[in-house]
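Please read the structure below before turning to the comments.
The numbers here are math on the coordinates, done by the rules we state, and not lab data. Because the structure is a prediction, the values reported are computed rather than measured. So basically every Cβ, Gly included, is an ideal-geometry build from the backbone, and we count neighbours across all protein chains shown.
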Amino acid sequence: MRIGHHTSIAGSLERSALEAVSIGANTFQIFSSSPRQWKASIPSEPAIKLLKKAREKYDLAPLVIHDNYLINMAAADDSVRAKSIEAFQGEIERALAIGAEYLVAHPGNCQGHSVEEGITAVVRSLVESCQGIDAQSLTVLLENTAGAGSALGSAAAELQAMREYTDHFCDLKIGYCVDTCHAFASGLDTIALAGELGMEHVHVIHANDSKGGFGSHLDRHANIGAGQIGEETFRNILRHPKLRKKAFILETPPEEDGHLRDVAALKRLSETKEKRALT
């Protein structure tokens, strides 16, 4: 199985890969630049080469990039949406340069728009962001949300509409990232949501326990087994035959070696009876 964590690029891209190795991961997620700035440059070629060398040496795959926090492709404000399109285009370009397989994106907040208008804005933004770019080696993954306020993407139908309409207008490959905390907080079962979206289109699972209760719409991540979801549910998700080949990426708190413990917890919970018998 592929189990990893979001790691830091502070210092260098290579450092993010080595951090993944240090916590026992064989996949990882990063920000391609500061998550709180609109513009960023593509990393240097030497830095990219060191990252690729570390990935090859330690069999770290896939590499997932998460887009920055400022991007809102559903924005009703035209100037915000324009800046979001430019920033997301930069995310695509950096992901391609770095060699990432996936780019995770939040659909955005449609405050001031209806849900339908917000979905249309997301589709337009995705189409415009990939103009003139050959992005065939990259898949953009729309992430489900906790359903708070005007945030889009807590319902499978919204995510499906974004993917299907974008597919009509451009060649950008679109799939899904299912976040266990977000699904739980929005009152949904993770396995059921993945099935509704189409298991073949779900490529990454953000494995996060939830500090908030079922249907609370509270987006607060907890360490595995320390939240309201609990280990038994994670065991069922990890052992589901149609999910075992997905990349499981943790975004949990670092408290008391939390990253190391959470990677170990997912490995333990993923073990089948047959594997346990052998060990």
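How large is the helix-only mean residue ellipticity at 222 nm for the chain, computed as the sum of -39500 (n - 2.57) over DSSP H runs with n ≥ 4, divided by its residue count, in deg cm²/dmol to the nearest 500?
Calculated at 222 nm, the ellipticity per residue is -13000 deg cm²/dmol.
Once phi is turned into θ = phi - 60°, what whole-Hz ³J(HN,Hα) does the Karplus curve with 6.51, -1.76 and 1.60 give for every residue of the stretch 45-57, x standing for Gly and Pro?
Taking θ as phi minus 60°, the curve returns 4, x, 5, 5, 5, 5, 4, 4, 5, 5, 4, 5, 5 Hz for the stretch 45-57.
If I stretch the segment between MET1 and THR272 completely, what's the gain in nm (0.36 nm per residue apart, minus their alpha carbon distance), one decimal?
96.4 nm
Could you calculate, for the stretch 1-101, the ratio of the Cα radius of gyration to the Kirkwood radius, expressed as Rg to Rh? Intermediate results must be reported in sequence, preceding the final value.
Numbers: Rg = 14.3 Å, Rh = 14.0 Å.
My calculation puts Rg/Rh at 1.02.
Can you flag which of LYS211/LYS267; LYS52/LYS211; LYS39/LYS173; LYS57/LYS246 are past 29 Å Cα-Cα?
LYS52/LYS211, as the Cα separations exceed 29 Å there.
Could you list which residues have their amide H under 5 Å from that of CYS130, counting only those 5 or more apart in sequence or on another chain, with H placed in the peptide plane?
Excluding prolines and chain starts, which carry no amide H, there are no hits.
Treating the Cα atoms of the stretch 2-278 as identical point scatterers in vacuum, please give the log10 of the normalised Debye intensity I(q)/I(0) at q = 0.08, 0.11 Å⁻¹, two decimals.
Treating every Cα as an identical point scatterer, log10 I(q)/I(0) equals -0.31, -0.59.
In what order do ILE71, ILE249 fall by count of nearby beta-carbon atoms within 10 Å, going from fewest to most?
On the way: ILE71 25, ILE249 28.
In increasing order of surrounding Cβ atoms, one gets ILE71, ILE249.
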